[in-house]
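A short write-up of the structure that comes next.
FYI, it's all coordinate maths here, none of it is from the lab. Here the structure is a predicted model, which is why all the values come from computation and not from measurement. Cβ placement follows ideal geometry from the backbone for every residue including glycine, while neighbour counts extend to all protein chains displayed.
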Amino acid sequence: MATYGMVLNLDHCIGCYTCVVACKMFYGTRPGVDYNGVVPVEWGEFPNAKQRYQLPMCMHCIDAPCVTVCPVKATYASEEGVVLMDYDKCVGCGLCVTACPYDARTLVRDDVTHFEGIVLPHEEEASDRLNIVEKCTFCYGAVKNGGQPMCTVHCPGVCRIFGDVDDPESEISKYIKEKNAVRVEGTHIWYVAPADMPKEFLPMSPVEAAQAKAAK
């Protein structure tokens, strides 16, 4: 059985937001509902200052707290480790939103589209979802049909690598080995970053992220 994972190469990201736009177009999500993001971070002093980008998203936790707290099992993990949503079961209680250490889930409450009173063709599916939670699914449906996540397909900097981490011959397994990618403890995400990138800008484990969230 495969185990899906993704590498985020923070040293390759150019901050173009193509991953965000590709995801949004594919899922037709409402205004303010984004499954991933691009956040610029800076460190150092002129003339040696540097800028890179954080790439917040669902980290597909191994023991996902959102799965644990869901009272109706609308949030669940696939056999490949992908944290998924059953929209038909979701009752919109929001417990999973509160439990997520990464703020990577959105409870859709507002019945709005990008153009008032108009539902564009790519928005039709999402327009039926109201008072339920949405999130990144690693484009599970596309992946099961032999495809790739939209953010991976369209990234011009090739900073996202997805695949089966249990297969030593897969692209992601070879990439992890070649780039010495670091696994985010407790998740299905790996990262590559500049050696001098401050720790506070690096992807955090679910425990660290929960502690940071509680401290806000």
Taking r as the C-beta separation of MET1 and GLU208 and R0 as 35 Å, the FRET efficiency to the nearest 0.05 is 0.75
Binned at 10 Å from zero, the C-alpha pair distances of the chain give percents of 8, 32, 38, 18, 4, 0
Please report how far the C-alpha centroid of the range 55-84 lies from that of the range 165-187, rounded to the nearest whole angstrom.
21
Report the longest stretch of the chain that contains none of the GluC sites (Glu not before Pro) sitting in a DSSP loop with at most 16 other Cβ atoms within 10 Å.
117-168
As a test of the formula, what do you get for the chain when each DSSP H run with n ≥ 4 contributes -39,500 (n - 2.57) and the sum is divided by the residue count, at 222 nm and rounded to the nearest 500 deg cm²/dmol?
-6000 deg cm²/dmol
In nanometres, what is the gap between the two model label sites at GLU200 and SER78, each 7 Å from Cα along Cα-to-Cβ?
3.7
Grab every C-alpha pair in the range 88-205, bin the distances at 10 angstrom width from 0 up to the longest one, and report whole percents.
10, 30, 34, 21, 5, 0
For the range 126-164 and the range 194-216, what is the centre-to-centre distance using only Cα atoms, to the nearest Å?
24
Using 0.36 nm times the number of residues separating ASP63 and VAL39, minus their current alpha carbon distance, what extension gain do you get?
6.0 nm
Whole-number percent relative contact order across the range 4-215, with pairs defined as alpha carbons under 8 Å at least 6 apart
30
As an exercise, use a Förster radius of 45 Å and the Cβ-Cβ distance of ARG183 and HIS122 to find the FRET efficiency, rounded to the nearest 0.05.
0.85
